[in-house]
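Engineer: Got a structure here, written out as structure tokens. Questions coming.
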Amino acid sequence: MESKIRGSVIKARKRFAEDHFGEGAWERLISAMTEEDRAVLGGLIVAAGWYSFETGERLDRAIVDVLGGGDQSVFEEIGRKSARENLGGVHASFIKPGDPQGFLAQTKSIYKFYYSSGSREYEQTGPASGVITTRDAEDFSVADCLTVIGWHKEALALCGASNVRITETQCRARGDAVCRYELAWG
């Protein structure tokens with residue numbers, strides 16, 4: 001089964017490119033991609049639709065190469081923007097003002113809104129800390145993990161957490177069996 005991501009993930013990257021790199025940024029990205037990817041990404045992107053993870057991964061590489069000057073840290077900001085847009089709109093019901101742990105308790109359900117394979121779970125380790133683990137995703141990438149970090153930092157801030165720190169201690173894209181993120185906040 002081919003792994004897929006939601007169109008909302010692609011749309012967030014498009015808006016990020018336009019907002020941070022100016023008019024024409026999306027067109028520059030698309031023109032640097034394969035003909036097949038241009039056909040998919042050059043038309044209407046449906047937020048609730050499913051798109052190939054591989055197309056998303058190639059888009060991520062183009063963002064770094066074409067717009068980001070080789071700097072992958074741009075993906076954490078893309079994750080933050082995606083969280084602001086999705087959790088401020090269609091997925092606003094996930095936000096738990098004043099209750100970051102309550103938000104994180106929904107990790108398994110939230111994951112299914114964005115990815116078609118694998119699972120993600122949350123374990124609370126203290127009053128203001130925990131561990132998120134992603135398992136069995138068909139596809140994975142360093143860029144996707146960085147967006148996960150940015151997304152969760154912003155989501156926790158939207159729930160009232162301050163001084164959010166997230167460290168990826170294991171990563172499948174780097175050879176580990178799972179992707180594991182340690183979270184803490186003030």
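Engineer: Quick check on my filter: what residues within the stretch 125-144 are among the small types (Gly, Ala, Ser), touching a helix residue (DSSP H, G or I) at 6+ places or on another chain (Cβ under 8 Å) and under 20 Å from Asp99 (Cα atoms)? I'd like the intermediate steps shown before the answer.
Structural biologist: First, the residues of the stretch 125-144 that are among the small types (Gly, Ala, Ser): 126, 128-130, 137, 141, 143.
Now narrow it down to the ones that are touching a helix residue (DSSP H, G or I) at 6+ places or on another chain (Cβ under 8 Å): 128, 130, 137, 141, 143.
Answer for the stretch 125-144, where residues must be among the small types (Gly, Ala, Ser), touching a helix residue (DSSP H, G or I) at 6+ places or on another chain (Cβ under 8 Å) and under 20 Å from Asp99 (Cα atoms): Ala128, Gly130.
Engineer: Within the stretch 46-68, identify whether any single residue is closer than 25 Å to Ala173 by Cβ and either in contact with a Phe, Trp or Tyr (Cβ under 6 Å, 6 or more places away or on another chain) or assigned by TED's automatic domain parsing to the domain that holds Lys112 (or both), and answer yes or no.
Structural biologist: Checked the stretch 46-68: at least one residue is closer than 25 Å to Ala173 by Cβ and either in contact with a Phe, Trp or Tyr (Cβ under 6 Å, 6 or more places away or on another chain) or assigned by TED's automatic domain parsing to the domain that holds Lys112 (or both).
Engineer: I'm checking my understanding of the structure. Among residues of the stretch 170-186 that are assigned to a strand (DSSP E or B) and among the charged types (D, E, K, R), which one is nearest to Leu104 (Cα to Cα)?
Structural biologist: Of all residues in the stretch 170-186, those assigned to a strand (DSSP E or B) come to 170, 179-184.
Pick out the ones that are also among the charged types (D, E, K, R) and you get 180, 182.
Values: Arg180: 14, Glu182: 12 Å.
Out of the qualifying residues, it is Glu182.
Engineer: Sticking with this one: Can you confirm whether the stretch 51-59 contains a residue that is over 22 Å from Glu138 (Cα atoms) and in a helix (DSSP H, G or I)? Spell out how you get there, then give the answer.
Structural biologist: Within the stretch 51-59, the first condition is being over 22 Å from Glu138 (Cα atoms), and the residues that meet it are none.
Among the residues of the stretch 51-59, not one is over 22 Å from Glu138 (Cα atoms) and in a helix (DSSP H, G or I), which makes the answer no.
Engineer: Does Ala32 satisfy being out of contact with any Leu (no Cβ under 6 Å at 6 or more places or on another chain), outside the structural domain of Ser162 (by TED's automatic domain parsing), over 17 Å from Lys4 (Cα atoms) and of a type outside the set (Lys, Arg)? Spell out the reasoning first.
Structural biologist: Details: out of contact with any Leu (no Cβ under 6 Å at 6 or more places or on another chain): yes; outside the structural domain of Ser162 (by TED's automatic domain parsing): yes; over 17 Å from Lys4 (Cα atoms): yes; of a type outside the set (Lys, Arg): yes.
Here the answer is yes, as Ala32 does meet what is asked.
Engineer: Give the residue, chosen from Gly70, Gly150, Gly102, that is in contact with a Lys or Arg (Cβ under 6 Å, 6 or more places away or on another chain) and either part of a strand (DSSP E or B) or surrounded by fewer than 18 Cβ atoms within 10 Å (Cβ to Cβ) (or both). Spell out how you get there, then give the answer.
Structural biologist: On the way: Gly70 fails: in contact with a Lys or Arg (Cβ under 6 Å, 6 or more places away or on another chain); Gly150 fails: either part of a strand (DSSP E or B) or surrounded by fewer than 18 Cβ atoms within 10 Å (Cβ to Cβ) (or both).
Just one listed residue meets the conditions, Gly102.
Residue by residue, here is whether (1) of a type in the set (Lys, Arg); (2) outside the structural domain of Trp50 (by TED's automatic domain parsing); (3) touching a residue at least 60 places away in the same chain (Cβ under 8 Å); (4) within 25 Å of Ala48 (Cβ to Cβ) holds:
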position: Tyr122; (1), (2), (3), (4): no, yes, no, yes
position: Ser141; (1), (2), (3), (4): no, yes, yes, yes
position: Glu154; (1), (2), (3), (4): no, yes, yes, yes
position: Asn163; (1), (2), (3), (4): no, yes, no, no
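Engineer: In the stretch 21-32, which residues are surrounded by 15 or more Cβ atoms within 10 Å (Cβ to Cβ) and farther than 14 Å from Arg58 by Cα? Break it down stepwise before answering.
Structural biologist: Initially, the stretch 21-32 is screened for residues surrounded by 15 or more Cβ atoms within 10 Å (Cβ to Cβ), giving 21, 25-26, 29-30, 32.
If the condition is that a residue be surrounded by 15 or more Cβ atoms within 10 Å (Cβ to Cβ) and farther than 14 Å from Arg58 by Cα, then Phe21, Ala25 are the ones that fit.
Engineer: In the stretch 122-147, which residues are among the acidic types (Asp, Glu) and surrounded by fewer than 16 Cβ atoms within 10 Å (Cβ to Cβ)?
Structural biologist: Going residue by residue through the stretch 122-147, those that are among the acidic types (Asp, Glu) are 123, 136, 138-139, 144.
Scanning the stretch 122-147 gives Glu123, Asp136, Glu138.
Engineer: Here is a further query. How many residues does the stretch 107-145 contain that are of a type in the set (A, V, I, L, M) and modelled with pLDDT of 95 or more? Show your work before the answer.
Structural biologist: In the first step, residues of the stretch 107-145 are kept if they are of a type in the set (A, V, I, L, M); the result is 110, 128, 131-132, 137, 142-143.
From what's left, modelled with pLDDT of 95 or more: 110, 128, 131-132.
Residues flagged as of a type in the set (A, V, I, L, M) and modelled with pLDDT of 95 or more within the stretch 107-145 amount to 4.
Engineer: Would you be able to tell me the number of residues in the stretch 125-147 that are assigned to a strand (DSSP E or B), of a type in the set (D, E, K, R) and under 21 Å from Ile78 (Cα atoms)? Give the steps one after another, and end with the answer.
Structural biologist: If we filter the stretch 125-147 for residues that are assigned to a strand (DSSP E or B), which is where we start, we get 125-126, 129-135.
Filter again for of a type in the set (D, E, K, R), leaving 135.
Remaining after also requiring under 21 Å from Ile78 (Cα atoms): none.
So the count comes out to 0.
The values are calculated or read from the model by the stated rules, or taken from the named source; none is laboratory data. Owing to the predicted nature of the structure, the values given are computational and were not obtained by experimental measurement. Because the Cβ atoms are built from the backbone with ideal geometry, glycine has one as well, and the counts that use them run over all protein chains shown.
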